[in-house]
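Down below is the structure, laid out as structure tokens.
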Amino acid sequence: MSCRMNGILVLTVMLISGCVQPKTLEENGIMNIYGVDIAGDDQLKTTAVFYKFGAPGQDPSSLVTGQGKTLSKGQKRMNYKLGFQLQSGAIELELFGKKAAENGLIDYLRAASRHPRASNNRLLAVSDTTAKNLITKLDGLPNINVNQALPNIIDVNSHMNVIPEVTLHNFQKLYYEPGIDPVMPILSYQNERTRLTALALFKGDQLAGQIPVDQAFYINVLHQNIRGLQQEVQLPLQPLKKYLLKEPKSDQTDFYTLFNIKKGEGNIKLVNKQNLHFHTQLNFEVNILELTESVGLQKPAAINAFEQEIEKAIKEQYEQLLSKLQKWNVDPMGYGRTYKTQKRNSPLTESEWRDKFPDVTFDVDVNVDILDQGMTP
Amino acid sequence: MDINLKVKQGLRIRAFYLFFIMSGIQIGVGVMGTPKYIFLDAQQDSWISVLMAYAAMLIVLWVMLLILKSYDNADILGIQVDIFGTWIGKLLGTVYMLYFAFVLLVVLVTYIDVVQLFIFPQINTWLLGFLLLSLVVYCVAGGLRSIVGVVFLFFILSHWLLLLLAKPISLIDISNYQPVWQASMIDLLKGAKSTTFTFTGFEIIFWIYPFIRNKNQVWRPIFLGATWSAGIILLNTLIVIGYFSATQARTIEWSVLSLFKIVELPFIARFDFIVVAEWMMITLPTMMLLMWAITQGMKRLYHVPKRITLYAAALIFLVVCGFIDEHHLIMALNNQANSIAFWIIFVYPLALLPIVKLKKAWQSRSKKGAKR
């Protein structure tokens with residue numbers, strides 16, 4: 001290579017390596033879990049679980065708390081306590097206290113996503129008490145890696161389709177879109193473990209209600225196709241009595257069945273634009289996994305009857321859920337979004353849908369196909 | 001000044017490379033943030049505005065080729081001198097050149113701003129300007145053939161970024177595009193006008209035409225190059241409309257770069273750092289072609305040797321770019337360049353064509369008269 005070429009390369013390398021602000025991994029704390037709570041008088045409490053690499057043999061993960069009127073002030077306090085900077089670009093989970101969620105989350109989310117270097121993929125969740133409480137209790141347990149335990153619960157459950165995956169991006173997207181409301185998982189600390197106990201429903205950015213986790217799939221099925229979700233349903237024994245293979249175990253009138261939803265999809269159609277009547281179609285292809293009473297499913301008639309009972313049960317639960325949603329005036333399934341796609345001349349606004357949603361009427365049609373019921377009768 | 005250029009055979013390039021030149025100069029910094037500006041006018045029908053701007057661009061390209069084919073081997077500078085006379089022709093040529101210099105400055109400071117925002121907040125503006133300009137100087141000093149070679153290579157080396165868009169595409173929401181045809185014609189046209197700044201760059205055809213070896217095959221690579229860049233802009237606009245909600249699409253500044261934020265691979269957690277760095281390969285061809293046009297213009301109009309223009313212009317840009325580091329100022333410059341570009345690139349060739357045709361008709365008539 002010529003002298004000139006060498007000179008240019010050397011100069012470039014010197015400039016590039018010398019003139020950029022360095023951020024050494026060992027000198028910074030990498031935040032993994034971030035908790036936001038409201039304390040009294042407009043103060044925010046922040047809790048962070050972070051990794052600090054460097055000293056060998058030491059557990060890299062630790063916890064710190066801070067307080068301030070803004071999130072940045074809280075983070076600054078945490079930096080002062082620690083003596084090094086905490087970096088927020090790798091936050092995996094952002095946890096909010098219940099009170100903070102009831103107050104409204106959009107300011108925190110906007111603060112989080114304002115910066116281009118913020119991670120848009122971070123998971124969001126609500127703690128049923130305060131975020132600090134949940135994180136510190138879990139951190140206090142031996143043999144628990146907080147950094148993995150908390151995001152894992154949400155990750156695993158969203159991959160199993162139990163709950164929809166809620167990230168910073170899609171929460172904001174659903175919040176800003178009129179006609180659909182965002183949701184968030186609720187984590188609680190029970191018996192020395194953190195559990196996913198409910199799904200929080202938001203009206204705008206404020207927590208408005210919650211539904212148990214096993215009903216979360218009614219919302220999930222309308223957002224995406226569900227593949228591989230196990231669901232338990234309570235069915236009445238009477239219509240299926242003639243297919244019983246042996247006497248019922250007790251005098252109970254109901255029994256339970258556990259099935260695997262191989263493929264579940266949901267559709268919403270606006271049937272009547274003037275009266276706002278929606279038709280919801282839910283289609284499930286299931287494999288029966290377990291029954292608490294021995295109902296023989298080998299005959300086609302038995303399968304048909306079983307399918308009808310499951311359809312009735314799901315339809316009833318779904319309609320109960322819808323009336324709860326109308327009472328709270330939240331629309332996590334997106335009925336308003338369907339209306340918006342057919343509304344011409346003026347776009348649907350948030351306030352317009354809030355006025356209309358409590359008076360909307362629905363009809364639900366559930367179709368269940370039992371693909372197989374296993375090898376035993 | 002010669003109206004028709006005499007270009008040595010060894011310096012000519014094949015028409016095939018026009019595809020890469022067209023795409024290379026059109027896909028630049030504009031692509032990163034344009035969907036927001038189109039969305040402000042046309043909302044969920046922005047993709048229709050992009051298609052309208054594409055149609056307008058094809059018409060203007062065809063008109064440009066008609067103008068160029070009326071002469072033996074002239075570029076726009078020669079044509080302007082021929083039509084308007086020496087003084088006005090040179091003045092118009094100087095205006096064209098200054099426009100290129102302005103666009104080059106805007107591209108440079110916009111890219112530096114994006115790097116400072118996304119990757120290195122503390123980095124010195126002058127340093128980045130120096131690095132980029134030294135690359136541009138190094139390549140332009142090699143002449144048109146080395147520039148076209150770089151454009152060709154960087155085109156191929158940078159298009160893998162499109163594959164990363166698979167993740168945002170999987171998260172698109174179809175209801176974001178509905179109801180279709182809601183925007184009025186005026187809004188769609190306004191959106192189309194906002195798209196034009198992203199499409200600018202094809203005026204380089206006016207300058208490069210004399211250097212093409214096989215001029216009879218010029219239309220196909222130009223058409224394909226324009227379609228390719230329009231396709232990429234259309235794809236980006238469609239993904240931004242589908243991936244973001246309406247309020248987000250209206251407010252997020254660098255929407256296309258934000259699309260890459262959720263891309264995660266096992267070996268790299270956040271791809272947007274890589275994308276912004278890779279974007280240099282998309283910006284450099286634009287800057288190089290513009291710098292070449294400036295040196296070419298100075299040589300043709302004022303007989304200043306290319307080397308002197310190159311180093312002097314690079315020094316001036318380096319000094320000026322250091323003072324432009326405020327985001328609002330950069331956005332204001334972008335808007336200004338957008339307004340000027342619309343007139344120079346879209347309106348001017350349409351106005352020039354009848355004048356050229358008239359002149360040619362008058363010339364052939366007077367020749368016939370002289371023959372008799």
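Set Lys and Arg Cβ to +1 and Asp and Glu Cβ to -1, take the dipole of the protein assembly as shown about its Cα centre, and tell me which of A:108, B:94, A:61 lies farthest positive.
The Cα lying farthest towards the positive end belongs to B:94.
Step by step: find N for region A:1-92, compute 2.2 N^0.38 Å, then divide the Cα radius of gyration by it. What's the final number?
Computed over Cα atoms of region A:1-92, the ratio equals 1.59.
Given B:60, B:4, B:20, which one lies farthest toward the positive end of the charge dipole of region B:1-69, if we put +1 on the Cβ of every Lys and Arg and -1 on the Cβ of every Asp and Glu?
Value computed over the given set: B:4.
Can you give me the solvent accessible area of residue B:281 with a 1.4 Å probe, rounded to the nearest 10 Å²?
Spelled out: residue B:281, probe radius 1.4 Å, area about 50 Å².
Taking accessible area as the heavy-atom solvent-accessible surface of the protein chains with a 1.4 Å probe, which residues of region A:1-22 lose no less than 50 Å² upon going from the isolated chain to the full protein assembly?
Those residues are A:15, A:20, A:21.
Given springs between every Cα pair under 10 Å in a Gaussian network model of chain A, which of A:42, A:155, A:107 has the largest fluctuation?
Checking each option, the largest mean-square fluctuation is seen for A:42.
Order of A:340-346, A:203-209 by packing, highest average Cβ count within 10 Å first? Walk me through the intermediate numbers first.
Numbers: A:340-346: 13.7, A:203-209: 17.3.
Packing proxy ranking, top to bottom: A:203-209, A:340-346.
So how much accessible area does residue B:213 have, in Å² to the nearest 10, using a 1.4 Å probe?
Approximately 110 Å² of residue B:213 is accessible to the 1.4 Å probe.
What's the average, rounded to a whole number, of partner chain beta-carbon atoms within 10 Å of each residue's beta-carbon in B:269-281?
The per-residue average across the peptide is 1.
Compute the acute angle (0 to 90°) between the alpha-carbon long axis of helix B:144-158 and the principal axis of greatest extent of the alpha-carbon atoms of chain B; round to the nearest 10°.
20
Along Cα→Cβ, 7 Å out, is where each label goes; now give me the distance between the ones at residue B:55 and residue B:365 in nm to one decimal.
Each label point lies 7 Å from its Cα, and together they span 3.5 nm.
Given H placed 1.01 Å from N in the peptide plane, which residues other than close sequence neighbours of residue B:5 have an amide H under 5 Å from its amide H?
Hits under the 5 Å cutoff: B:73, B:74, B:75.
Taking amide H atoms as placed 1.01 Å from N in the peptide plane, list the residues 5 or more away in sequence, or in a different chain, whose amide H sits under 5 Å from that of residue A:67.
For residue A:67, the qualifying residues are A:46, A:77, A:78.
When ligands, DNA and RNA are left out and all protein chains stay put, how many square angstrom of accessible area per residue does the protein assembly as shown have with a 1.4 Å probe?
Averaged over the residues of the protein assembly as shown, the accessible area is 45 Å².
Could you give P(r) for region A:229-372, binned at 5 Å from zero, as whole percent values over all Cα-Cα pairs?
Going from the shortest bin to the longest, the percentages are 2, 9, 17, 18, 14, 11, 10, 8, 6, 3, 2, 1, 0.
Quick one: how many lysine pairs in region A:297-377 have C-alpha atoms under 22 angstrom apart, if they're 8 or more apart or on different chains?
For region A:297-377, the number of qualifying lysine pairs is 9.
Residue by residue, what Karplus-based ³J(HN,Hα) values in Hz, rounded to whole numbers, does region A:285-294 have, using 6.51, -1.76 and 1.60 with θ = phi - 60° and x for Gly and Pro?
3J(HN,Hα) across region A:285-294, in whole Hz: 10, 10, 10, 6, 9, 8, 9, 8, 10, 7.
What is the magnitude of the charge dipole of chain A about its Cα centre, with +1 placed on the Cβ of each Lys and Arg, -1 on the Cβ of each Asp and Glu, and no other charges, expressed in debye to the nearest 20?
1320
Where in region A:137-246 are there GluC sites (Glu not before Pro) that are in a DSSP coil and have at most 16 other Cβ atoms within 10 angstrom of their Cβ?
Here the GluC sites (Glu not before Pro) that fit, given the DSSP loop and packing criteria, are A:192.
Got the relative contact order for region B:9-361 handy, in percent, Cα pairs under 8 Å and 6 or more residues apart? Please list the in-between numbers first.
Details: 466 pairs, mean separation 144.1, N = 353.
Reported as a whole number, the value is 41 percent.
Please check: in the Gaussian network model of chain A (C-alpha springs, under 10 Å), which one of A:170, A:157, A:272 has the largest mean-square fluctuation.
Checking each option, the largest mean-square fluctuation is seen for A:272.
Below 8 Å, C-alpha to C-alpha, sequence gap of six or more: please give me the relative contact order for chain A in percent.
The value is 13 percent.
Taking beta carbons within 10 Å but only from partner chains, what does the mean come to for residues A:111-119?
So the per-residue partner count for this stretch is 4.
Rounded to two decimals, what is Rg over Rh for the protein assembly as shown when you use alpha-carbon atoms and the Kirkwood radius?
When Rh is taken as the Kirkwood radius, the ratio is 1.07.
Using the Cα centre of region A:16-111 as the reference point, and only Cβ charges (+1 on K/R, -1 on D/E), how large is the resulting charge dipole? Debye, rounded to the nearest 20.
Once rounded to the nearest 20, the dipole reads 220 debye.
Restricting things to alpha carbons, tell me how big region B:108-178 is in terms of Rg and Dmax, in Å.
When restricted to the Cα atoms of region B:108-178, Rg and Dmax are 17.6, 51 Å.
Provide the per-residue ³J(HN,Hα) series for region A:230-236, in order, calculated from phi with Karplus coefficients 6.51, -1.76, 1.60 and θ = phi - 60°, each as a whole number of Hz, with x at glycine and proline positions.
Working through the residues one at a time gives 8, 9, 10, 9, 8, 10, x Hz.
Beyond 24 Å, what percent of the Cα pairs of region B:21-175 remain?
55
Whose amide H sits under 5 Å from the amide H of residue A:255, counting only residues 5 or more places off or on another chain, with H placed in the peptide plane?
Excluding prolines and chain starts, which carry no amide H, the hits are A:235, A:237.
Let me check I've understood the local charge: for residue A:200, count other residues with C-beta under 11 angstrom from its C-beta, Lys and Arg +1, Asp and Glu -1. What total comes out? Mind showing how you got there, number by number?
Numbers: positive: A:98, A:203; negative: A:102, A:128, A:181.
Here the count lands on -1.
So for A:70, B:94, what's the accessible-area order with a 1.4 Å probe, most first?
Details: A:70 75, B:94 30 Å².
Result, largest first: A:70, B:94.
Taking the 0 to 90 degree range and rounding to the nearest ten, how far is the long axis of helix B:219-243 tilted relative to the main principal axis of chain B, both from C-alpha atoms?
Orientation of helix B:219-243: about 20 degrees from the principal axis.
Could you look at the protein assembly as shown and say what percent of its accessible area is carbon and sulfur, using a 1.4 Å probe and all protein chains?
Details: 19520 of 33710 Å².
The value for the protein assembly as shown is 58 percent carbon and sulfur by accessible area.
Semi-axes of chain B's equivalent ellipsoid from the Cα gyration tensor, sqrt of 5 times each eigenvalue, largest first, rounded to whole Å? Spell out each step's value before the answer.
Values: eigenvalues 258, 125, 66 Å².
Equivalent ellipsoid semi-axes, largest first: 36, 25, 18 Å.
Excluding ligands, DNA and RNA, what is the accessible area buried between chains B and A, summed over both sides, using a 1.4 Å probe, to the nearest 100 Å²?
Between B and A, the summed buried area is about 2600 Å².
Quote the charge dipole size of the protein assembly as shown about the Cα centre in Debye, to the nearest 20; the model charges only the Cβ of Lys and Arg (+1) and of Asp and Glu (-1). Mind showing how you got there, number by number?
Working: 70 positive and 57 negative charges, 935 e Å.
Dipole size: approximately 4500 debye.
Other chains' Cβ within 10 Å of B:243-250 residues: what's the mean? Walk me through the intermediate numbers first.
Details: counts 3, 5, 10, 6, 6, 7, 2, 1.
Across the residues of B:243-250, the mean count of other-chain Cβ atoms within 10 Å is 5.
Helix A:3-18: angle to the longest alpha-carbon principal axis of chain A, degrees 0 to 90, nearest 10?
The answer is roughly 70 degrees.
Would you mind estimating how fast chain A diffuses translationally, via Stokes-Einstein at 10 °C and 1.306 mPa s with the Kirkwood radius over Cα pairs, in µm²/s?
Numbers: Rh = 23.8 Å.
Value of D from the Cα-based Kirkwood radius: 67 µm²/s.
Among A:182, A:56, A:239, which one shows the highest mean-square fluctuation when chain A is modelled as a Gaussian network with alpha-carbon springs under 10 Å?
A:56
The values are calculated or read from the model by the stated rules, or taken from the named source; none is laboratory data. Source: prediction; values computed, not measured. Cβ atoms come from the backbone with ideal geometry, glycine included; neighbour counts cover every protein chain shown. In case anyone asks, the SASA skips ligands and DNA or RNA and just uses the protein heavy atoms, side chains included. Shrake-Rupley method; radii C 1.70, N 1.55, O 1.52, S 1.80 Å.
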